[in-house]
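S.K.: For reference, the structure I am asking about is given below.
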Amino acid sequence: MSSSNSPQKYFGLEIPYLDFLQLEPVLCENDRAVTRLRLRNELLNSRGHIHGGALMSILDFTLSAAGRANDPLGIGMATIDMHTSCIEPATTDLTIEARCIRRGASIAFCEGEILDATGKLIAKASAAFKVLKVK
């Protein structure tokens with residue numbers, strides 16, 4: 001894990017917020033992205049579940065990574081719209097899996113899900129992203 005003064009690389013990007021969440025990048029290729037989040041006290045709500053805002057943040061990043069997986073350093077993504085359904089409380093380490101289902105010249109459509117340590121579906125999301133050319 002990165003130190004507080006050295007931002008972790010997230011498939012080529014430095015994102016301090018993801019360093020704070022301690023999201024672990026796993027895979028970014030072939031229109032797919034996978035990340036992991038370890039359960040820790042700082043992410044919990046008053047009921048002892050991972051906070052819904054944290055779940056939405058990790059979905060947003062992982063879906064956008066899937067959207068740029070064919071050219072991780074050549075394109076960026078800006079969220080236009082995202083729909084998230086929280087299905088079960090998150091109480092274990094999590095795996096986030098996402099795929100880009102359509103990418104045009106200006107918009108990418110992605111979908112993904114969060115699974116707990118036993119493979120149970122915790123949340124799912126779909127999103128549209130503005131494709132940004134990186135110079």
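S.K.: Quote to one decimal, in nm, the extra length available between ASN45 and LEU73 on full extension: 0.36 nm per residue of separation minus the C-alpha distance between them. If you can, show how the numbers build up before the last one.
M.R.: Details: separation 28, 0.36 × 28 = 10.08 nm, distance 3.48 nm.
Difference between extended and current length: 6.6 nm.
S.K.: Now for a separate question. Summing +1 for each Lys or Arg and -1 for each Asp or Glu, what net charge is found among the other residues whose Cβ lies under 12 Å from the Cβ of HIS51?
M.R.: Numbers: positive: ARG40, ARG47; negative: GLU42.
Surrounding charge for HIS51 is +1.
S.K.: Extension gain LYS130-MET56, at 0.36 nm per residue separation less the Cα-Cα distance, in nm? Present the calculation step by step, with values, prior to reporting the outcome.
M.R.: Working: separation 74, 0.36 × 74 = 26.64 nm, distance 1.80 nm.
In short, 24.8 nm is gained.
S.K.: Regarding the chain, what is the average projected area of its C-alpha convex hull, in nm²?
M.R.: 8.0
All of the numbers you see were taken from the coordinates with simple rules; none came from a lab. Quantities reported herein were computed from a predicted structural model and do not represent experimental measurements. Cβ: placed from backbone, ideal geometry, glycine included. Neighbour counts: every protein chain shown.
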